[in-house]
Structure formats: C-alpha cells, structure tokens
Amino acid sequence: MNTLKMLSRWIDTLNEWIGRGVAWVSLALVLVIFTDVVMRYLFNTSFVFTQELEWHLFGFIFLIGAGYTLLHDGHVRVDIIYQRLGYKGQAWVNLMGVIFFLIPGCLMVVATSWKFMLNSFLILEGSPDPGGIPFRFLIKGCIPAGFVLLLMQGVSLAIHSLLQITGREIPEEGAS
C-alpha cells in the first residue's frame, strides 16, 4: 500500500506542477486574444497566425490541463446521487468510473491519436494557410500527451478511492 501511496503522490505532484505551468499559458492566451481584438477593431486588420495561436493555446490548455483538473475534482459531473453519498460511496463511484470509463477512454484516445501525431511530426506539419503557424505538429503531440496525463491522474484517483474504501485514507475536509 505504501508503494501505491507513493505512486499516487508522485502523479498528483506531477499534475500539480504541470497545471501551475498551464495556468501561465492561460494568461498568454488572454493577451493574444486581447491583441487580436485590438488589431481587429482599432486597426481593422487580423493575422492568421494570431487566430491560429489562439486555438493552439486553448487546445494546449485543455489537453495538458485535464489531469490537473481531475486532480482538483474540477471536471463536470452529474452528481444528483453522488453528492448524497458518504465518502466511501463516492470512492466506489470514482473507482468504478475510473476503471470502466476513464481508463478505457484514455487508452482509446492515446492509441488512436498516436499515429496521427507521429505522421504530423514526421512531415513537420504546419498550417495550410499562408501566414499560419508552421508547427502544427506540436499541438497534435499534445493529444496523446494530455490523455496520458489524464490517465495517470485517473490511476491516482483510483488509488485514493481504493485507500478510502479500505479505510486507509480519509478525504480532506471540504473534499467530496
């Protein structure tokens, strides 16, 4: 059990640090969007590069930050029943959700996006639009990377849930 706790702690720490880094990318996204809006409305011009950078940054934030979001229980869930359960009941729901939905879903996305990403890297794919971002392969690399981080955080959640079910861990005050 101590090995599982150490693994879980390591995964949580990794996604915590990655999430904090992604938060700074969110600030960059706000600045890029602000610049794009100013350029459009004050100077009546827009650049393909800026527009593509917006969706690249958003995609990066969404993909790479998914594990961090799961770590902090920030994913959307329909919790009509879940919220009424005790912490052991919630742990069972989380464990079953990870085993039957999160892990298979993440494995499916990683398996199906791997060749897609590899082909993009091999040809150094860029934007098909003149003036667009020349490194489109980088954002495609975030697809399997983000789902691996989410998968890892799912394993950590499963470990925490198992420990709660067995009574070896009690959730922090205020946590669900």
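The values are calculated or read from the model by the stated rules, or taken from the named source; none is laboratory data. The structure displayed is predicted, hence computed values, not measured ones. As a convention, Cβ positions derive from the backbone with ideal geometry for all residues, glycine included, and neighbour counts pool all protein chains shown.
Can you say whether LEU85 is at negative phi, without any contact (Cβ under 8 Å) to a residue 12 or more places away in the chain and of a type outside the set (Val, Ile, Thr), as far as the supplied structure shows?
Judged against the criteria, LEU85 is a match.
Within the stretch 80-95, which residues are surrounded by fewer than 13 Cβ atoms within 10 Å (Cβ to Cβ) and not basic (Lys, Arg)?
Those that are surrounded by fewer than 13 Cβ atoms within 10 Å (Cβ to Cβ) and not basic (Lys, Arg): ILE80, ILE81, GLN83, GLY86.
Consider MET108 against the criteria (1) assigned to a loop (DSSP other than H, G, I, E, B); (2) farther than 30 Å from GLU172 by Cα: it satisfies all of them except one. Which criterion is unmet?
Single failed check for MET108: (1).
Quickly run through the stretch 10-66 and pick out the residues that are of a type in the set (Phe, Trp, Tyr) and either farther than 25 Å from GLU125 by Cβ or more than 18 Å from the chain's Cα centre (by Cα) (or both).
If the condition is that a residue be of a type in the set (Phe, Trp, Tyr) and either farther than 25 Å from GLU125 by Cβ or more than 18 Å from the chain's Cα centre (by Cα) (or both), then TRP10, TRP17, TRP24, PHE34, TYR41, PHE43, PHE47, PHE49 are the ones that fit.
Please indicate, with yes or no, whether at least one residue in the stretch 151-169 is in contact with a helix residue (DSSP H, G or I) (Cβ under 8 Å, 6 or more places away or on another chain), in a loop (DSSP other than H, G, I, E, B) and buried (at least 16 other Cβ atoms within 10 Å of the Cβ).
Yes, the conditions are met somewhere in the stretch 151-169.
What are the pairs with Cβ atoms under 7 angstrom where one residue, in the stretch 128-149, is closer than 27 Å to TRP17 by Cα and the other, located anywhere, is charged (D, E, K, R) and in a loop (DSSP other than H, G, I, E, B)? Sequence gap at least six, or different chains.
ARG136/GLU125; PHE137/GLU125
Which numbered condition trips up SER127, out of (1) in a helix (DSSP H, G or I); (2) surrounded by 12 or more Cβ atoms within 10 Å (Cβ to Cβ); (3) at pLDDT below 95?
(1)
Hey, among the residues in the stretch 62-79 that are of a type in the set (Val, Ile, Thr) and surrounded by 12 or more Cβ atoms within 10 Å (Cβ to Cβ), which one's nearest to ALA28 (Cα to Cα)?
In this case the residue turns out to be ILE64.
Every residue, every condition in (1) touching a strand residue (DSSP E or B) at 6+ places or on another chain (Cβ under 6 Å); (2) of a type in the set (Lys, Arg); (3) under 26 Å from ARG168 (Cβ atoms); (4) part of a helix (DSSP H, G or I), yes or no:
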| position | (1), (2), (3), (4) |
| --- | --- |
| ILE33 | no, no, no, yes |
| THR45 | no, no, no, no |
| GLN51 | no, no, no, yes |
| PHE58 | no, no, no, yes |
| ILE61 | no, no, no, yes |
| GLY67 | no, no, yes, yes |
| ILE80 | no, no, no, no |
| LYS88 | no, yes, yes, yes |
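Here are PHE116, PHE121: which of them is at pLDDT below 95, assigned to a helix (DSSP H, G or I) and farther than 21 Å from ASP12 by Cα?
PHE116
Could you say whether any residue in the stretch 104-114 is among the polar types (S, T, N, Q), within 24 Å of PHE58 (Cβ to Cβ) and touching a Pro at 6+ places or on another chain (Cβ under 7 Å)? Steps first, answer last, please.
Taking the stretch 104-114 and keeping what is among the polar types (S, T, N, Q), we get 112-113.
After this cut, where a residue has to be within 24 Å of PHE58 (Cβ to Cβ) as well, the list is 112-113.
Okay, now just the ones that are also touching a Pro at 6+ places or on another chain (Cβ under 7 Å), so 113.
Yes, the stretch 104-114 has at least one match.
Please specify each residue of the stretch 108-123 satisfying the condition of being surrounded by 11 or more Cβ atoms within 10 Å (Cβ to Cβ) and without any contact (Cβ under 8 Å) to a residue 24 or more places away in the chain.
MET108, ALA111, THR112, LEU118, ASN119, SER120, PHE121
Among the numbered conditions (1) surrounded by fewer than 16 Cβ atoms within 10 Å (Cβ to Cβ); (2) in a helix (DSSP H, G or I); (3) in contact with a Lys or Arg (Cβ under 6 Å, 6 or more places away or on another chain), tell me where ARG9 comes up short.
If we test ARG9 against (1) surrounded by fewer than 16 Cβ atoms within 10 Å (Cβ to Cβ); (2) in a helix (DSSP H, G or I); (3) in contact with a Lys or Arg (Cβ under 6 Å, 6 or more places away or on another chain), just (3) comes out false.
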